[in-house]
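Here the structure comes first, spelled out in structure tokens, and everything after it is commentary.
The values are calculated or read from the model by the stated rules, or taken from the named source; none is laboratory data. Computed from a predicted model, the values in this text were never measured in an experiment. Here the Cβ positions follow ideal geometry from the backbone for every residue, glycine too, while neighbour counts run over all protein chains shown.
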Amino acid sequence: MSKESKAWMYLIVLSLIWGSSFILMKRGMHTLSGDAIFSDAQVASIRLVIASLVLFPWAIKAIKRLKNIKSLLFLAIVGLCGNFLPAYLFTYAETGVSSGLAGMMNSFTPIFALTIGFLIFKERLNKVQMLGVSIGVVGVVLLMVASKNFEIIGEWSHIIAVVIATLCYAISVNTIKYKLPHLKSIELAALAFLLILIPSAIIGLNSGVIETIQNNEFAMEGLLYIAILSVVGTAFALILFNKMIAISSVLFATSVTYLIPIVAVLIGLYFGERIGWYQVFAMLLVLFGVFVANYLGRKQNQL
């Protein structure tokens, strides 16, 4: 399989996994009937600790791959911005916005990634790629407007939390692409999680995870959803994402956030939410934007 085919395969798989992750976060905090289980901080802490422990054997083996203190610093940035902060920010955001809306707003990531790549790493984009990005943004905005079921019920702080999380993702993906190319995807993921294992565990313990597991009758149900989120939606997905960054561009890798809203809407449809022609049109527009930015834009560079 060619690198291009692999990159598109990773893009599709990741959009399905991460598009589902928002509902898994929600189910870790509440049952379908609305009963409270874990708090937002507890869900994030459990998620990070489980993912860190799953990747721990690879982290021990990969320590010898650290070249110098700079590599450790860049790994800390990836761990903090790519995993630690977004995990807490997104679960906090979902205490005030729907999982579908959170998934849609995640599409801010490519815009921040392009800006950081241009300002710091001198990344250049041709006109076709910029057109594709613009089309994708329009599609996401239309999808948000059309999805009347995804309502904001919280404060502006919940929206700002998502925006900061997407900025963190953009910082992380550029750091991976330009500063840590010597590390394999699984080494990168494992070492980044190793650095955030202890602080995640401390926050989890201080937030009362043990007490909730002991006293909440729905705790096992919530843990099941969080475990799936941790192993599949975090550890496994991050390895795939790092592989995709290694064989593609930052723009292509962050395009996964354009596809996540589509999955979020389809999951909403599965749970009984209605979908209209405006949503169908917006989703097709998003897909077209991804195609223009990544396929036609790459062809333009080859001319």
From the options Ile23, Ile37, Ile69, residue that is of a type in the set (Val, Ile, Thr) and under 17 Å from the mean Cα position of the chain (by Cα): Ile23
Unmet criterion (only one of (1) more than 28 Å from Asn215 (Cα to Cα); (2) surrounded by 20 or more Cβ atoms within 10 Å (Cβ to Cβ); (3) of a type in the set (Val, Ile, Thr)) for Ile69: (2)
Those helices (runs of 4 or more DSSP H) lying entirely in the stretch 125-235 with at least 1 residues surrounded by fewer than 17 Cβ atoms within 10 Å (Cβ to Cβ) and of a type in the set (Phe, Trp, Tyr): 156-179
Set Leu240, Leu259, Leu303: member being modelled with pLDDT of 75 or more and out of contact with any Ser or Thr (no Cβ under 6 Å at 6 or more places or on another chain): Leu240
Test: residue in the stretch 186-199 that is of a type outside the set (Ser, Thr, Tyr), out of contact with any Ser or Thr (no Cβ under 8 Å at 6 or more places or on another chain) and over 28 Å from Val256 (Cα atoms): yes
Of the criteria (1) under 22 Å from Leu85 (Cβ atoms); (2) among the β-branched types (Val, Ile, Thr); (3) surrounded by 19 or more Cβ atoms within 10 Å (Cβ to Cβ), which one Ile262 fails: (1)
Selected residue [of a type in the set (Asp, Glu), modelled with pLDDT under 75 and over 22 Å from Leu14 (Cβ atoms)] from Glu123, Glu155: Glu155
The stretch 208-229 residues that are touching a residue at least 40 places away in the same chain (Cβ under 8 Å), paired with ones that are crowded, with 16+ Cβ neighbours inside 10 Å and among the basic types (Lys, Arg) (beta carbon under 6 Å, 6 or more apart): Tyr225/Arg27; Ile226/Arg47; Leu229/Arg47
Unique match (being in contact with a Gly (Cβ under 6 Å, 6 or more places away or on another chain) and of a type outside the set (D, E, K, R)) among Gly34, Gly132, Gly117: Gly132
Residue in the stretch 277-290 that is under 15 Å from Met9 (Cα atoms) and modelled with pLDDT under 80 present: yes
